[in-house]
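Engineer: Sharing a structure with you now.
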């Protein structure tokens, strides 16, 4: 079996498998080393800037639109025109990069497939490298395979446009070291894709397209833009070939949407309303601020509540003012073919959600399951007709204030015992799946990923820390949460069966849940301590 090529200052610690020599080449590792040395210090500075900002928010500060970038917001400029394959984005499907998912998503009938190296993908070394192999094989149309059950998977003639979501700035790739330190997960994902798939995509009339997660400021977007420019020059690719859609999934980014588009304007292809991480961010950033920012049960925090409504309408207005696509949020429902009533009610809710987005001016939206593609297509087809998007629909009627973006207290609903129990059960079940290498898992008819699990565990932390009680009058204390854990743990054991429970990592998942939900100090991202438990 081959091993990693020798590149000065680079050490590959991940277990080597057949085929890795096609991804981890001297060129890709050499470029990764240059990117890490050039941009790693800036990344570290921006992460430290996040920590400083968090401390300011904990001390009572509130975010606002930046006075120092007022000129950007008031001046006349546009992002680059839509790139090939990104003109019509009315339905996008998302999912991890395993071989079956890649084929099914590309064949789903969606216009775009967001291949995810982040929230729906456990970052084992094999997942990250094999994912890159799968994406390269998809571009080469060499991804046909037969499952162990004998089912054949092959690409259709017409497939979705492939877009890649890298990991966020906070996640390292500890299986690859440069000068003795783990490289940035973001840079690893970007570099491997650029060196193995970018030219193939370009040769087919498309390009290397990305989704950028969890940005908290325009300075982080500026860093990405500089990385794009560096990577294109290093690989002899024309400037502006890369296109990136930024997920607006943090409350701080909501105040800098225009600036984020401006920083990436020659590489920008729009913004996405990353709803689940956005809710998590609202909890996380104001977790110590008491009742003013305490949200009710996760199920009650819908897209129609005031602070979510303000953010999505501002996103559409901002994008269309600047000639950029506005992409709506995820429909996470997983069809239940065994229960028609549940299925019909959920599909009706999905249709209503997508209709609201289409009516608001979004140019497309996300789904998590191929069965939801026809539902979302029907809605956007009815709205768009033969038009590829709604970029000509200006939302001059929208005027969003800082107070509206921060109006968490206006969210209707209650904290209930059922809500606590759901959070505990979902978080433990998700973490168990994540530890086994699967970052997207169906739980209670919803596709759960790291973002939704973050909501579940951070709500528990906020409710405990804030001394909240349920609507039934139960004080949410660490002791009571552990009692709920005992009961929900028993329910999980009964549900999966003794053999599966024993073979799984449920005890470890429970330990991890307590670490991220009940510790005195809030853990910034649950994936950080979880990553330490991976092989």
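Bear in mind that the values in this text are calculations on the coordinates, not laboratory data. These numbers come from a predicted model, not from an experiment. For neighbour counting, all protein chains shown are included, and Cβ atoms are generated from backbone atoms with ideal geometry for every residue, glycine included.
Engineer: Just how far, in whole angstrom, is segment 498-524 from segment 372-424 if you go by their alpha carbon centroids?
Structural biologist: 32
Engineer: Still on this structure, I have one more. Would you work out the relative contact order for the chain, in percent, from Cα pairs under 8 angstrom that are 6 or more residues apart? Present the calculation step by step, with values, prior to reporting the outcome.
Structural biologist: Values: 951 pairs, mean separation 86.4, N = 535.
For the chain, the relative contact order is 16 percent.
Engineer: Next question, about the same structure. At a 10 Å Cβ-Cβ cut-off, how would you order 228, 188, 39, fewest neighbours first?
Structural biologist: Numbers: 228 24, 188 29, 39 18.
Lowest to highest Cβ neighbour count: 39, 228, 188.
Engineer: Follow-up. How do 181, 11, 454 rank when sorted from fewest to most other Cβ atoms within 10 Å of their own Cβ? Let's see the in-between values first.
Structural biologist: On the way: 181 12, 11 15, 454 25.
Ranked by crowding around the Cβ, least crowded first: 181, 11, 454.
Engineer: How much length is gained on full extension from residue 146 to residue 500, taking 0.36 nm per residue of separation minus their Cα-Cα distance? All intermediate terms of the calculation are to be shown ahead of the outcome.
Structural biologist: Working: separation 354, 0.36 × 354 = 127.44 nm, distance 2.57 nm.
So the extension gain works out to 124.9 nm.
Engineer: OK, next. Could you give the Stokes-Einstein D for segment 186-322 in µm² per second, using the C-alpha Kirkwood radius, 4 °C, 1.567 mPa s?
Structural biologist: Details: Rh = 16.2 Å.
It comes out at roughly 80 µm²/s.
Engineer: Could I ask something else about it? Please report the antiparallel percentage of DSSP beta bridges with both residues in the chain, rounded to the nearest 5.
Structural biologist: 35
Engineer: What does the C-alpha gyration tensor say about the overall shape of segment 34-85? Classify as rounded when a/c is under 1.5, otherwise prolate if a/b is larger than b/c, or oblate. All intermediate terms of the calculation are to be shown ahead of the outcome.
Structural biologist: Numbers: a/c = 2.60, a/b = 1.18, b/c = 2.21.
It comes out oblate by the Cα gyration axes.
Engineer: By how many nm would the segment from residue 472 to residue 532 grow when fully extended, if each residue of separation counts as 0.36 nm and the alpha-carbon distance is taken off?
Structural biologist: Values: separation 60, 0.36 × 60 = 21.60 nm, distance 3.79 nm.
Contour length minus the Cα-Cα distance gives 17.8 nm.
Engineer: With 10 angstrom as the radius, rank 52, 79, 342, 176 by how many other C-beta atoms surround their C-beta, starting from the fewest.
Structural biologist: So the residues, fewest neighbours to most, are 52, 342, 79, 176.
Engineer: Okay, helix-only estimate at 222 nm for the chain: each DSSP H run of n ≥ 4 adds -39500 (n - 2.57), divide by all residues, round to 500 deg cm²/dmol; what do you get?
Structural biologist: Working: 20 runs with 250 residues, N = 535.
About -14500 deg cm²/dmol.
Engineer: Cβ neighbours within 10 Å, averaged per peptide: list 260-271, 156-167 in order, most packed at the top. Write out the running numbers ahead of the final one.
Structural biologist: On the way: 260-271: 24.4, 156-167: 19.3.
Packing proxy ranking, top to bottom: 260-271, 156-167.
Engineer: Then there is this: In whole angstrom, how far apart do the alpha carbon centroids of segment 10-71 and segment 99-141 sit?
Structural biologist: The distance from the Cα centre of segment 10-71 to that of segment 99-141 comes to 22 Å.
Engineer: Could you order peptides 474-480, 353-359, 114-120 by the average number of other Cβ atoms within 10 Å of their residues, highest first? Write down the numbers at each step before the final one.
Structural biologist: Working: 474-480: 15.0, 353-359: 20.4, 114-120: 27.0.
Order by mean packing, descending: 114-120, 353-359, 474-480.
Engineer: Average the reciprocal distances over every distinct pair of alpha-carbons in segment 414-532, invert the result, and give the Kirkwood radius in Å. Provide the component values of the computation, followed by the final result.
Structural biologist: Details: mean 1/r = 0.0699 Å⁻¹.
Evaluated on segment 414-532, it is 14.3 Å.
Engineer: Under the rule a/c < 1.5 gives rounded, and otherwise a/b versus b/c splits prolate from oblate, where does segment 345-419 land using the Cα gyration tensor? Can you show the working numbers first?
Structural biologist: Numbers: a/c = 3.20, a/b = 1.21, b/c = 2.63.
It is oblate, given that a/c is not under 1.5 and a/b is not larger than b/c.
Engineer: Next question, about the same structure. Please state the shape class of segment 82-181: rounded when a/c is under 1.5, otherwise prolate if a/b exceeds b/c and oblate if not, all from the C-alpha gyration tensor.
Structural biologist: Numbers: a/c = 2.26, a/b = 1.36, b/c = 1.67.
The shape class here is oblate.
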